Each structure stands twice: as C-alpha cells, then as structure tokens.
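Asks: Quick one: the structure is below, and I'll ask about it shortly.
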Amino acid sequence: MLKLSSYIYQRRKWGTAIRDCCTAEHGMVASKHPLIGKTGIDILKKGGNAVDAAVAAAFVDCVVEPAMNGIGGEGVMAIHMTDGKNTIIDYVGRPSANCTPDMYELLDEIELGWMGWNRVKDDANMIGYKAATVPGTVAGLLKALELYGTMELKELLEPAIKIAESGFEMSWATTFHIITTMEQFSRFPEWQKIFLKDGKYPPRPYDRFVKTNQDILVNKDLAKSLKLIAVEGSNAFYKGEIAEAISRTMSENDGLITAEDLAMY
C-alpha cells in the first residue's frame, strides 16, 4: 500500500493553470500517476541515478497509463548530464519494410483535426494492425539504461511487473479513454478481455470519496512480457517470444510488421 506520508507531493490547485512551486533537496519525479512517481523516488532512494529512476518509472507508466504509453509504443528521452552535456535517445517507431505509398485507401473527405489530409477508409492508419509501427519503447529505455544507468534491469522492472500482475486502481483518465474508444476497440477480443468487465462494461475508476466497489485492472499478459524482458533484455521483444507473437498476429490479421522488421530495429 502506498504510504503518502513518506512522499512529498505537489499540492493540486485546480482554480487556474498555475500551481505552487514544489522543491526537494535530493531528487524529484514528475508524473501523472502516483505509482509512477513513487517508483521513481524509490529507485533514487535505493541509490539509483536519474536514468535508473526514469527507466523504472517509464515501465510502470506502460502499465498504469495504457491509453498513453506502452511497450508497444515509442518515445524520446532527453538526458542532461552533470558535466553539462545533453543527450537525446530517439526510440520513435519505424515503419515496416512492407509499407508502400498506396497501402491505405483514401476517401473523398477530410480527416477531422488540423492536418487537412484525406481520411483513410476504416481509419486504418489510426486503428488496427496496419496502423502500427515497429515499437521503440523497449529498445530505447534499455539503451538509456545501458549507456547511463547504474542498476540491473531486473530490479528496475520489478515494480511494473508487480503492478501488472496484482492490479491497480484505475484513474478517471484511463477509464475515460476506455469509454471513448469502446466502439472502435471492441472488435479486438484481447482488448475486450483486458479492459472491459465481462467483455462488456467499462471499469469503475478510483474515487477518493467512494472507498468500495472500485475495479482493479490486472494485466497478466503484460506482466509475462515484462518478465521475459527482465531476463532476456531487448532480444525478448525484438527477436524472442514476444517478437514471434507480434509477427504471427500481424500475419494472421493482414498487418505489415514482420519478424525481420522487429529484429532490424
């Protein structure tokens, strides 16, 4: 159980966009979920450096904010060294070698938003197997750890594995994402199994005023994947059992990502 008394939290101030300053003598972790922040601070207390804390916190983020982050995602890490040097690790996703300029069927209507380009039939560029790029999150976080971290990957992944395996109380933001995407994502059985109760209902989010009947999100498949990564490193995701599962599922559903794409990343 998270003991709030042992952590310093920035006070929420919802009246305006301005918040009170938050200062700490030895270190600080900024996050949108208390379990992410707690993980980063715990790693710092164990003697880890900022990169160790960032890697551990990022993997927890992949568990507790599934609508925003995941090991199937991508990102960029900016690192500022004590000697003043700045480093960027780019782990943005890469397209499959099978991608072609005409891979999507365009409609004679403009897509919603500010881009102004033509909409794709069935929104295939945003939802489904052809919307995915080769994920970079695992490679990027592990590269940061290899270059600048001090702790073992297995120890840094322990919090994320534990939370995925035992479950956590969902935030309003995550529940909102589930509700607003149910119509599009319910066609994917695995998504239904993980994110909907009985495959039909959205979960109840955490509410500090209501202490009962709050749903716990458990993701044992993700926990299994994280355990493989903890032991085998990037190879588990890009060349091993996880890569095989990704490429097989892509092949079965007209996706584009292959085992070769994953290995090349």
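Every read-out reported here was derived from the displayed coordinates using simple, explicitly stated rules and does not represent laboratory data. All values reported here derive from a predicted model rather than from experimental measurement. Note: ideal-geometry Cβ built from the backbone for every residue, glycine included; neighbour counts use all protein chains shown.
Asks: Can you tell me which of 241-250, 195-204 comes out highest on packing, and rank the rest after it, using the mean Cβ neighbours within 10 Å?
Replies: Most protected by this proxy first, the peptides run 241-250, 195-204.
Asks: Report the rotationally averaged projected area of the chain based on its alpha-carbon convex hull, in square nanometres.
Replies: 17.0
Asks: Among L145, L228, L112, which comes first, second and so on when ranked by fewest other beta-carbon atoms within 10 Å?
Replies: Listed from fewest to most nearby Cβ atoms, that is L112, L228, L145.
Asks: Using a 10 Å cut-off around each Cβ, can you sort F176, F185, F59 from fewest to most neighbouring Cβ atoms?
Replies: Ordered from fewest to most neighbouring Cβ atoms within 10 Å, F176, F185, F59 come out as F176, F185, F59.
Asks: Once the other residues with Cβ under 13 Å from the Cβ of D90 are scored (Lys, Arg +1; Asp, Glu -1), what is the net sum?
Replies: Around D90, the surrounding residues sum to +1.
Asks: Another question, then. Lysines within cross-link reach of K121: Cα-Cα under 19 Å, excluding same-chain residues under 8 positions apart?
Replies: Those lysines meeting the cut-off are K130.
Asks: Would you calculate a helix-derived [θ] at 222 nm for the chain, using -39,500 (n - 2.57) for each DSSP H run of n ≥ 4 and dividing by the full residue count, to the nearest 500?
Replies: -12500 deg cm²/dmol
Asks: Separate question: How big is region 195-265 along each principal axis, measuring the range of its Cα positions in Å and listing the largest first?
Replies: Taking max minus min along each principal axis of the Cα atoms, region 195-265 gives 50, 30, 17 Å.
Asks: Below 21 Å, Cα to Cα, which lysines can K85 reach? Residues fewer than 8 away in the same chain don't count.
Replies: K143
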